[in-house]
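Participant: Take this structure, written in structure tokens, and hold onto it; I'll ask about it next.
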Amino acid sequence: MPKIARSDSLDTIVDVVEVFPLGVAVSTLLDRPELQIPKRTLQRRLDQLVREGRLAAIGRARARRYTALASVAAGEHILREEPARYATRRDWLTPEGKEVRDLVSRSLIERQPVGYRSGFLAGYEPNVTFYLPMELRRNLAEIGHVGMGDLPAGTYLRQLMNRLMIDLSWNSSRLEGNTYSLLETQRLLEEGVGVEGRGLAETQMILNHKAAIEMLAEQAEEIGFNRYTICNLHALLADNLMADEADIGSIRSKPVGIGGTVYHPLAVPQQIEEHFNLLLTKAEAIVDPFEQAFFTMVHVPYLQPFADVNKRVSRLAANIPLIRHNLCPLSFVDVAQPDYVAGLIGVYELNRVELMRDVFEWAYRRTCLRYSSVRQILGEPDPFRLTHRDAISDTVREVVTGRMNKAAAVRHIARRATERLPAAQRALFIEAVENSLGGLHEGNIARFRLPPSVFTEWQRLW
């Protein structure tokens, strides 16, 4: 048998880390046959790679993981953490997730029509059955921990309320096909100004998310997996979006169909009611907050207890255990709609959770990067912003020096994105510019070469 080449070179370490697109712990690297490095030496090498911008460190202490930022191939800088490319390649999928994705990617005519399987829910035993493996639950708890576990429920949510309100409203609506941009969402939520040309339903959808998130924050110590919470969450999310007012906040009494799948939900009202009550009982009994959140994302859409808006209810309800335990919330940042929908179809048609589990893990890690773990890695470069820093900076400066309000800024940013970037990267560029504009203040305007007088005048218009 040929010997395995071992090395402690920086390039070799980067090559090994790239095998783990969701990040890898030091303990795992020590076991890799390509490496034969004492632990302290490996840690020094990793710290050096982080300083050089070739790796990123996520989390702290035992939860600390390393992920590759970029590699150079054929002279081209390939961004490893670029969400659009990442979602397209789906490097974060497990083999089981890929298998489910392939099965649900077949044409509808090739897939066997199926109905609701009562055994899928009935066979789940809280705290005995687990959709999330123990190691994953532990890791998510470590990266989602913010040091507020002993404080009243909702403390952390209220601390980042303004940012989460925008992010979660935008991302959850985006997964429903809503075309508002991040900045347009911010303007709507902060100023109540909608966008001409957008349907009223899109505007209402985002405003409904705001109301639902406010309910979760205001009633953090009372919310739970009970009829009051889930039905009122639906009522807020469905407000003014359903033809029949009686359907708002009510368990459905009529059949529903779901496009793009061969799955047919329950149609008998009494059975829907019975399964809804069982779902709530099992969800409330689950002890682990991440298992509880994921169980909700699986079974609420699968049952379709409401005439519409079930997926939105499941996404916000998934935050209930995270809010109650003061963990980093889940805002679905960087989740691609096709991945989320494919995960749901895997549940609908196959009762397989692996693809949705991959989506859930990816979504939570990305959210933690934005809110929780970002405090530990503050200052490390975002690869997309690093590559396009000049274009981002120029566009921010143009908005401010041009004295643009939010409506004019949205148009200008979209135009610059079209002019300067390929289609796959434009959404990332727009989000980066909008985030920079949202974070501007007198203490950081110098990096955009903005004089105080110009900034002050623009801020009044903004």
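Participant: In terms of Cα to Cα distance under 20 Å, which lysines are near enough to K254, apart from those fewer than 8 places away along the same chain?
Facilitator: K311
Participant: Starting with the highest mean, order 132-139, 165-172, 212-219, 27-34 by the number of other Cβ atoms within 10 Å, averaged over the residues of each peptide. Mind dumping the intermediate values first?
Facilitator: Working: 132-139: 15.1, 165-172: 24.4, 212-219: 19.1, 27-34: 13.2.
My ranking of the peptides, most packed first, is 165-172, 212-219, 132-139, 27-34.
Participant: Now, a different point. Explain nothing, just compute: Karplus ³J(HN,Hα) = 6.51 cos²θ - 1.76 cosθ + 1.60, θ = phi - 60°, for every residue of region 447-462 in order, whole Hz, x for Gly and Pro.
Facilitator: Along region 447-462, the couplings run 5, 9, 6, 10, x, x, 5, 5, 4, 4, 5, 5, 4, 5, 6, 5 Hz.
Participant: Right, something else. How many nm is it between the label spots at V268 and Q204, if each spot is 7 Å from the Cα in line with the beta carbon?
Facilitator: Once both label points are built, they end up 3.4 nm from each other.
Participant: Rounded to whole Å and sorted largest first, list the principal axis extents of the Cα atoms in region 388-461.
Facilitator: Principal extents (largest minus smallest coordinate, Cα): 36, 23, 16 Å.
Participant: Per residue of region 127-141, what does 6.51 cos²θ - 1.76 cosθ + 1.60 with θ = phi - 60° give for ³J(HN,Hα)? Whole Hz please, x for Gly and Pro, Karplus curve as stated.
Facilitator: 6, 10, 7, 9, 7, 9, x, 4, 4, 5, 4, 5, 5, 5, 5
Participant: If the cut-off is 22 Å between C-alpha atoms, which lysines fall inside it for K406, apart from same-chain ones fewer than 8 positions away?
Facilitator: K210
Participant: Separate question: Using the Karplus curve 6.51 cos²θ - 1.76 cosθ + 1.60 with θ = phi - 60°, work out ³J(HN,Hα) for each residue of region 223-228 in order, rounded to whole Hz, and write x for Gly and Pro.
Facilitator: 5, x, 8, 10, 4, 4
None of the figures in this text is laboratory data; all of them are computed from the coordinates on show. Bear in mind that the values here come from a model prediction, so they are computed numbers and not experimental data. Reconstructed Cβ throughout: ideal geometry from the backbone, glycine too, with neighbour counts over all protein chains shown.
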